[in-house]
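Beneath this line is the structure, given in structure tokens, with notes to follow.
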Amino acid sequence: MAHSARRDSPELPDFSVLKRLARDQLIYLLEQLPGKKDLFIEADLMSPLDRIANVSTLKQHEVDKLYKVEYKPVVSTSDQLCFLIRPRIQTVKWVCDVVNADKAAGKFKRYKIIFTPQKFYACETVLEEQGIFGDVSTDEWAFYLLPLDEDIINLELPEFFRDNFLEGDQRWVRTGGSALHLFHSIYGPFSKVYGIGRCSKMVYESWREQVKEGEQKARQAEVGTVFLIDRDVDFVTPLCSQVVYEGLVDDIFRIKCGCVEFGPDVTSSDKSIKVMLNSQDKVFNEIRNEHFSNVFGFLSQKARNLQTAYDKRRGMDIKQMKTFVSEELKGLKQEHRLLSLHIGASESMMKKKTKQDFQELLKTEHSLLEGFEIRECISFIEEHINRQVSMIESLRLLCLLSLTENGLLPKDYRSLKAQYLQSYGVDHLLTFANLKQLGLLVEQQPGETLTVMESKMGKLVNDKTAGKLTDAFSSLAKKSNFRALSRRLSLVPKSDEEYDLRVPRDMAYIFSGAYIPLSCKLIEQVLERDGWTGLEEVTRLLNGHEFAVTGSNGADLRPQSDAQRIILVMFLGGCTFSEISALRFLGRERGYKFIVLTTAITNSARLIEAMLDNHV
Amino acid sequence: MMKSKADEEDYWNSSKFKAFTFDDEDDEFTKLKESRQAVNSICGLVEEEEDEDEVEKVSWSGEPVGSISWSVRETASSLREQSFPKIDTTPSLPKNSSGYSLSSLFKGKTKSFQSFSEVLSDSSVRLYAPELRKPKSEYKDYVSDWSPEETVHRMQQGKAVSLEKFRSLQEKLLLLDEAVGVHDGNVITAVLIYLKKSLSKEVLFRELESRQTALRHFIHYLTESKEQRLLLELYRALGRTEDEALLQYKEHLRITDENKRRDFLKSCVSLPFSPEDAGHVQDHYTLLERQIIIEATDRQAETGGKVEIFQKFPRRASILNMPLITTLYYCCFYHYAETEGTYSSPANIRQTFRIAEKQYFVTALAARAKLKAWHDVDALFTSRNWLGFTRKKSPLSFSRVADILSKNNAPVQVLQEYVGLVDDVELRVALAQKYKCHFIVISTYRDLKDRQLLLGYRGKVERGSEEERKIDELLSNPQIRWKN
């Protein structure tokens, strides 16, 4: 399992300061409402809050009782209520109901809403409309950056994806800029920023404006290079089944804010336990980036070593025993616990995956990526739908088919959609409308008409314009261009070569050697070329919006300096654990260290679920 | 009939073929099991003590409270300006739509990125240059003096502004365009809320039509604040009839009473859907109508206690609002033998909803297998040719059939009949071994005239069993010309 890391890999900066910063800011805000108060916390803020503060911290600052926001009338006797929420209209409406109910009952209390990471005008409008503007004080808790691990920082904003890419609402652009700005002010100054995607461009602009407005303070850079990437540049990668340990655990058990809950089937007891999954867990740290097929061997070896270590006790004299107990035993026991947990998890995942014919599923995915035996793939998907196997999984496969094939043939689209609605409910009409809007699942446009038009137009205008014209047409057709990109960037290795997953030779190992994630490949290429030169065809296929900029004064521009080799990759719309594993691999190979800054950790199920609309 | 969610799921899962098919023989997994045993055996060696919470250090873990003296402002302080260049973020259309407009190409404009709003909007608005005035002071009294640019800038920073001074349409639109220009959705929505209050719908809708980015913000705002009616009006004004139809159709999800929901769906059929979707909505209505009838009849039959099948297999959930295929499964389960005339007969459902042959087969097969009605299963596949001979035919592969049957715990006698029909020899042997259909393996080896494989297989069957006798009989048969 030992990867030969380049010796000169730079050290990662310390992110614990981010936690302290967020905590102190929260305390400061709580003190703005002096005296005893009850605190209502939005459900999805509980885990992030857990990572930076604890109950006693809150109690010390006169928080009396803690409640979860549940959109129900509150039972609180406190005369001061504080709400810690995301800036969502629905939540603010609920707060208004609470306040108005108190008013009607003749109760007079003090209220405070703390919006995080920022407040929106639309929320304040609700307060105004409900007649309680002024009765409630509002504040912002600029909690942008939550370090999940030594190389992962999360904005914990899953709604970023849908709001930005599906609804076309740019409310989080400034949030992205502010998050980057905060990072920059602590670990910068950056000297190079690369990016691709419309949102990336806007976030860059927002960040740049904020830097311009801020105070000036010179310091030594810890992180010098930044890469911004929109999720919609690469939808294929997050829609693939994950087979690297950490990704697989996320697909099956769902890792929430760096923590996973293992049920009785894993713990082989009657209770569930919550486990933090990060580099602190020595066993996990060694297997998280491994292909699942290597994990068994590793865990068996580990178990044997552990046995040997315990066996050492035999034949020890009293003194040796004493040293053993005081120095080694605790560590061994800890390792023992972790080991049995991960063995239990592997066992359980193995069972679940065999049950659902995982091999066949993977084979279909690989065929789609390769563009091979598409008819067979379609009938596999059809059967999946017919048998009412997972509703999410069926949609995921349909989207992969559409993305890799540039849309479905009209007759396939109609028939698959009809069968899908029959199997999972007609209300998924709304889901299909969303998928179409986002370009995830579309019908192919009749190709000939476009080509004829194009060539006719082409004759009318000069060459340069003709190129643009083609662009206009191709984007009208919502092409994903996956095949062409795959060829250009050699994303799919030749299938006739053996791929040894134990000794990965490229990032494709995260998908069993079948596919190099497009997102990570772009990052690799741009870093290698120090920009987008030579990738013109690729960016054209990706509908443009690429940029590469250099900051001029003060920054350290030597390419070999440590700060230049620590690269912050910001995913707008979420990234997967597989992508993080691929970047870690790339870092080891090239002597970089990557820090991932993402709006959320995503996977295929979360991505598809964000598109569902078949509920109120 | 209220049943717990778990029950319901359990019941409906039955149509999802989720039986256990784990292959015990897997090497990797055995290895894993061994290591698990090894690890577990160590347990005995070490006393369990305080380590209970070592792994569970999840909730409210944290370092000691930091000092509040860490100034919040201090940390927000930023750095020397790096003078990064501004980049062009102009195109205001979603990436997947065209970033270019054809008309712009022929107007001879040189700018490479052209947004629809620029091309389509009345350009006179854009020619109007706002008079830039410098702020006289930070006092609120002077807020009304801000230019659109300054106003937007202040809004971005969360400072107080007054929008009331933007009274002419031109000023309002300048403000909106300025907000769109800085890509701050929060500010765009704020301006839109002001425009919504201060402009008539007709004018606002008209102006939004040429401003796609602002329009999408407005639609999202109306969706979130649940202003259904205004949103419908907007779609209608824009001629986006399909969006209008979908939005209206979505309302059915709020209606819990099944009869009201059915009536509502009926009214949806005439909405301006695409022809294809109109068909789906019609099906939705027809389906719920049927479900209501079936549910009423079956509930009565069940409580009456006269119908055997409901006594033997009590229904665990209502059929209302279930998908079509679940309904078909239900009908294949409870109403299989009914004639085509009844609403609940599978044949009638198949015909009414134009269910594909394969789809029908899969569902019927699963339902009858679940009931262990092997005779029905057999009949599903039997067809007669013109000479009157019967033979087995299936729209889905026999390996798939075997898979479905095994997941419904079919006995070997039933399974082997279908495994034997798998054409591919290798696949047939693999399946036969997986499902322990020994006779299929044996006869396949005999057909292959492979004495070695047969000999090897002898060790895998039970001693003294019929299978063993069969193998011995074949091995000693002098008429077979073995190839090895």
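The values are calculated or read from the model by the stated rules, or taken from the named source; none is laboratory data. Given the structure is predicted, the values throughout are model-derived calculations rather than measurements. Cβ atoms come from the backbone with ideal geometry, glycine included; neighbour counts cover every protein chain shown. Side chains are part of the model used for accessible areas, which takes the heavy atoms of the whole protein and leaves out ligands, DNA and RNA. Shrake-Rupley method; radii C 1.70, N 1.55, O 1.52, S 1.80 Å.
Quick notes on this one:
- Filter result for residue B:393 (out of contact with any helix residue (DSSP H, G or I) (no Cβ under 7 Å at 6 or more places or on another chain) and not aliphatic (A, V, I, L, M)): no
- All told, residue B:431 meets the bar of being open to solvent by less than 50 Å² (accessible area, probe 1.4 Å) and modelled with pLDDT of 80 or more.
- The set of residues from segment A:10-23 being modelled with pLDDT of 90 or more and more than 9 Å from every other protein chain (Cβ to nearest Cβ) comprises A:15, A:18, A:22.
- Just one of the numbered conditions (1) under 17 Å from residue A:568 (Cα atoms); (2) surrounded by fewer than 24 Cβ atoms within 10 Å (Cβ to Cβ); (3) of a type in the set (Lys, Arg) is not true of residue A:231: (2).
- Residues in segment B:350-402 that are part of a helix (DSSP H, G or I) and touching a residue at least 60 places away in the same chain (Cβ under 8 Å): B:352, B:363, B:366, B:367, B:370.
Let's see how each residue does on (1) more than 10 Å from chain B (Cβ to nearest Cβ); (2) outside any strand (DSSP E or B); (3) over 18 Å from the mean Cα position of the chain (by Cα); (4) surrounded by fewer than 21 Cβ atoms within 10 Å (Cβ to Cβ):
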{"position": "A:137", "(1), (2), (3), (4)": "yes, no, yes, yes"}
{"position": "A:165", "(1), (2), (3), (4)": "no, yes, no, no"}
{"position": "A:169", "(1), (2), (3), (4)": "no, yes, yes, no"}
{"position": "A:177", "(1), (2), (3), (4)": "no, yes, no, no"}
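- Leading residue by the ranking (surrounded by the fewest Cβ atoms within 10 Å (Cβ to Cβ)) among those in segment A:194-209 that are at the interface with chain B (Cβ under 7 Å from one of its Cβ atoms) and in contact (Cβ under 8 Å) with a residue 60 or more places away in the chain: A:201
- Unique residue being open to solvent by 10 Å² or more (accessible area, probe 1.4 Å), part of a loop (DSSP other than H, G, I, E, B) and either more than 13 Å from chain B (Cβ to nearest Cβ) or modelled with pLDDT of 90 or more (or both) when the list is A:107, A:103, A:93: A:107
Table: residues versus (1) free of Cβ contacts under 8 Å to residues at least 60 places away in the same chain; (2) assigned to a loop (DSSP other than H, G, I, E, B); (3) within 14 Å of chain A (Cβ to nearest Cβ).
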{"residue": "B:291", "(1), (2), (3)": "yes, no, yes"}
{"residue": "B:294", "(1), (2), (3)": "yes, no, no"}
{"residue": "B:302", "(1), (2), (3)": "yes, no, no"}
{"residue": "B:306", "(1), (2), (3)": "yes, yes, no"}
{"residue": "B:310", "(1), (2), (3)": "yes, no, no"}
{"residue": "B:319", "(1), (2), (3)": "yes, yes, yes"}
{"residue": "B:336", "(1), (2), (3)": "yes, yes, no"}
{"residue": "B:340", "(1), (2), (3)": "yes, yes, no"}
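- Just one of the listed residues (A:603, A:543) is within 27 Å of residue A:166 (Cβ to Cβ) and either within 14 Å of another protein chain (Cβ to nearest Cβ) or in contact with a strand residue (DSSP E or B) (Cβ under 6 Å, 6 or more places away or on another chain) (or both), namely A:543.
- Residue ID - nearest to residue A:260 (Cα to Cα), chosen from residues in segment A:22-51 that are in contact (Cβ under 8 Å) with a residue 40 or more places away in the chain and aliphatic (A, V, I, L, M): A:45
- If you check A:183, A:161 for being buried (at least 22 other Cβ atoms within 10 Å of the Cβ), in a helix (DSSP H, G or I) and at pLDDT below 95, only one passes: A:183.
- The condition of being in contact with a Phe, Trp or Tyr (Cβ under 9 Å, 6 or more places away or on another chain) and not assigned by TED's automatic domain parsing to the domain that holds residue A:606 does not hold for residue A:425.
- Residue satisfying all of: in segment A:24-56; more than 29 Å from the chain's Cα centre (by Cα) and hydroxyl-bearing (Ser, Thr, Tyr); modelled with the highest pLDDT among these: A:28
- When A:440, A:398, A:430 are screened for being outside any helix (DSSP H, G or I) and under 22 Å from residue A:615 (Cα atoms), only A:440 passes.
- All positions within segment A:304-321 that are open to solvent by 30 Å² or more (accessible area, probe 1.4 Å), closer than 30 Å to residue A:243 by Cα and within 10 Å of chain B (Cβ to nearest Cβ): A:304, A:307
- Residue ID - nearest to residue A:600 (Cα to Cα), chosen from residues in segment A:261-303 that are among the aliphatic types (A, V, I, L, M) and more than 10 Å from chain B (Cβ to nearest Cβ): A:277
- Helices (runs of 4 or more DSSP H) contained in segment A:555-615 and holding at least 3 residues over 14 Å from residue A:223 (Cβ atoms): A:577-590, A:604-609
- Per the conditions (1) more than 23 Å from residue A:123 (Cβ to Cβ); (2) part of a loop (DSSP other than H, G, I, E, B); (3) without any contact (Cβ under 8 Å) to a residue 12 or more places away in the chain, the sole criterion not satisfied by residue A:59 is (2).
- In the set (1) touching a Gly at 6+ places or on another chain (Cβ under 7 Å); (2) open to solvent by 10 Å² or more (accessible area, probe 1.4 Å), the condition left unmet by residue A:610 is number (1).
- No other residue among B:354, B:368, B:400, B:391 is in contact with an Asp or Glu (Cβ under 6 Å, 6 or more places away or on another chain), basic (Lys, Arg), open to solvent by 20 Å² or more (accessible area, probe 1.4 Å) and not assigned by TED's automatic domain parsing to the domain that holds residue B:315 apart from B:368.
- If you filter segment B:253-285 down to residues that are closer than 14 Å to residue B:320 by Cα and within 8 Å of chain A (Cβ to nearest Cβ), you find that the one that is modelled with the lowest pLDDT is B:253.
- Filter pass, residue B:166 being among the aromatic types (Phe, Trp, Tyr), more than 13 Å from chain A (Cβ to nearest Cβ) and surrounded by fewer than 22 Cβ atoms within 10 Å (Cβ to Cβ): no
- Residues considered: A:324, A:284. Of these, the only one that is at pLDDT below 85 and open to solvent by less than 20 Å² (accessible area, probe 1.4 Å) is A:324.
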